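Working notes, beginning with the structure itself.
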Amino acid sequence: MNDRQWMRKTLRLAEKGWGTTSPNPMVGAIVVKDDCLVGSGWHRKAGDKHAEVVALEDAGEQARGATLYVNLEPCCTRGRTPACTDAIIASGIKRVVAASLDPNPEHNGRGADLLRANGIEVVVGIESDKAESLNEAFFCWIQHGRPYVILKMAMTIDGKIATKNGESQWISCPASRNRAQKLRRWADAVMVGAETVRRDDPELTVRHPWNWARQPVRIVASRSGDLGDSPRVLGDGKAATQVVSFRSREECLEIFNGLGNRDITAVLVEGGGELAGEMLSFGVVDKIVLFVAPRILGGRESRAVIGGPNPEELIGKEVADIKIGRSGDDIVITGYLSDVHRLRN
C-alpha cells in the first residue's frame, strides 16, 4: 500500500469519533512497518488519549523505525493530555505522514518542525481535502472563534417544505431521516425557529441510537418568546435549551460568537423556511444539506424551503463545490457558501 491508501485507512479510523470528540477534532492514527499495520487508534472523546498515543501504545516496540500516519498534525503543546510530539519522538518513529496541518496557531506547523528537528521525516498534504472536510467544524471554530453552521432542509422537488397549514411529516424518506440523525450526532447545537416549535413541538434530540449521551444544545430563535403551550424543548429535560433573538447580522454573529466561547463548534440549522431565509440573508450559513423528495406538492401558498423578503434582483447566493447523490429514494445536495473551514484560508 502507498501513502494515500494508508491515509484513507487513517481517515476511516478518525470517523469513528463522529459526534464524540468536540471541541476536539476527529483524529485517527496508524503505525506501519515494512508495509504492515502494527498499531492503530483514534481519539474517542475530549480529555482521552490522542489518536497518535493510542496507536503508538498499540504498536509498542514495533513503532521503532516505522511510519506514523495521522490525519492532523500532531500537537506539540500540553493541554488536557501531554504533547503528542513527545510520544512520537520517544517511540523511535522515523517518518510521520500528516494529511493537514493543525489550524491552531499554537500548533500550526510547529509540531511538524519539532519532529523534523529531531530527525523525523515529515510529509504533509496527503488526502488533505478529505481531512479538511472531516473536521470542517473544528477548523472554522479554531480559526474564527464561532461555530460552523450547516443548514439542513428536507423539501419536495418543487421546493416546498409543508402545506399551507403546516403539515410536513414526512417529506424525506427513512434513509434521509437517518442521515439527519447522523448530522445531529455531529452537531453541538441544533437550531430552529419558534414557528417550528409551535407547529411541530419537536424534541430536537438524537434518537438513534436511543442511548446517545451527548445531546446537542437546542436553540430556538424567537423574537416574541412565544413557543406555544408547554413545548417539549422547555420541559422534557432531555437537553439544554436556549431561546435567542436577533434582528441583524451583527446580532446573529454575536450570538454565534457566544456559542463559540462555550466550545460549541458546530450548529445544525433545521428550519423552518423563514429562519433559513434570514440566516442566508445574513450570510452566516457555511454549508447546505438539502434532501429532495421525488414528489411535487404544488400550491402557491404551500410553504417554501427558503422564506424571507422577496429579492429584487436575480442574484441569489452562490453555492460552491456542489455534490449530488442519493439518499434512499431522495436526492441529497450538499454545497458550500463559505470557505471558513479550509486550512489554506
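Derivation of every value follows stated rules applied to the coordinates shown; laboratory data play no part. Keep in mind that what you see is a predicted model, and the values were worked out from it rather than measured. Cβ placement follows ideal geometry from the backbone for every residue including glycine, while neighbour counts extend to all protein chains displayed.
As a ratio to 2.2 N^0.38 Å, the alpha-carbon radius of gyration computed for the range 234-310 takes the value 1.32.
Which trypsin sites (Lys or Arg not before Pro) from the range 71-156 combine a DSSP loop assignment with at most 10 other Cβ atoms within 10 Å?
Sparse-neighbourhood loop trypsin sites (Lys or Arg not before Pro): Arg78, Arg80.
Comparing Val243, Val292, Val31, which has the greatest mean-square fluctuation in the GNM of the chain with Cα pairs linked when under 10 Å apart? Greatest mean-square fluctuation among the candidates belongs to Val243. For Val123, the residues 5 or more places off, or on other chains, whose built amide H falls under 5 Å of its own are Val96, Val97, Ala98. How big is the gap, in Å, between the Cα center of the range 150-215 and the Cα center of the range 1-73? The range 150-215 and the range 1-73 have Cα centres spaced 33 Å from each other. Between the amide H of Gly39 and those of Val31, distances stay under 5 Å, these residues lying 5 or more places away or on another chain, with hydrogens modeled in the peptide plane. Note on the chain: GNM, Cα springs under 10 Å; of Phe139, Phe256, Phe246, the largest mean-square fluctuation is that of Phe246.
Take the chain, connect every pair of alpha-carbon atoms lying under 10 Å apart with a spring to form a Gaussian network, then pick out the residue of Gly316, Gly109, Gly273 with the largest mean-square fluctuation. In this elastic network of the chain, the residue with the biggest mean-square fluctuation among Gly316, Gly109, Gly273 is Gly316. Close amide H pairs (under 5 Å, H built 1.01 Å from N) link Val217 with Ala189, Val190, residues at least 5 positions away or on another chain. Taking the alpha carbon gyration tensor of the range 40-118, multiplying each eigenvalue by 5 and rooting it gives semi-axes of 17, 15, 11 Å, largest first.
Within 9 Å, Cβ to Cβ, of Gly308, how many net charges do the neighbouring residues add up to if Lys/Arg are +1 and Asp/Glu are -1? Cβ neighbours under 9 Å give a net charge of -2.
Take every Cα pair under 8 Å whose residues are at least 6 apart in sequence, average their separation, divide by the length of the range 1-68, and the relative contact order is 28 percent.
Report summary: the helix-based calculation at 222 nm, which adds -39500 (n - 2.57) for every DSSP H run with n ≥ 4 and divides by the residues of the chain, gives -8000 deg cm²/dmol. Taken along its principal axes, the alpha carbon cloud of the range 109-199 reaches lengths of 68, 26, 21 Å, longest axis first.
Residue by residue, the range 192-198 carries 3J(HN,Hα) couplings of 9, x, 4, 4, 5, 5, 5 Hz when phi is fed to the Karplus relation 6.51 cos²θ - 1.76 cosθ + 1.60 (θ = phi - 60°); x denotes Gly or Pro. Rounded to whole numbers, the Karplus 3J(HN,Hα) couplings from phi for the range 315-331 are 10, x, 9, 7, 10, 10, 6, 5, 10, 10, x, 10, 9, x, 7, 8, 9 Hz, using 6.51 cos²θ - 1.76 cosθ + 1.60 with θ = phi - 60°, and x at Gly and Pro. Taking only the Cα atoms of the range 130-289, the ratio Rg/Rh comes out at 0.94, with Rh defined as the Kirkwood radius.
What label, among (1) 5, 19, 21, 19, 19, 12, 5, 1, 0; (2) 5, 22, 30, 26, 14, 3, 0; (3) 5, 24, 30, 22, 13, 6, 1, belongs to P(r) over Cα pairs in 10 Å bins from 0, in percent computed from the structure on display? For P(r) over Cα pairs in 10 Å bins from 0, in percent, the calculated option is (3).
Taken one residue at a time, the phi angles of the range 105-115 give Karplus couplings (6.51, -1.76, 1.60, θ = phi - 60°) of x, 6, 10, 3, x, 6, x, 4, 5, 5, 5 Hz. Gly and Pro are set to x.
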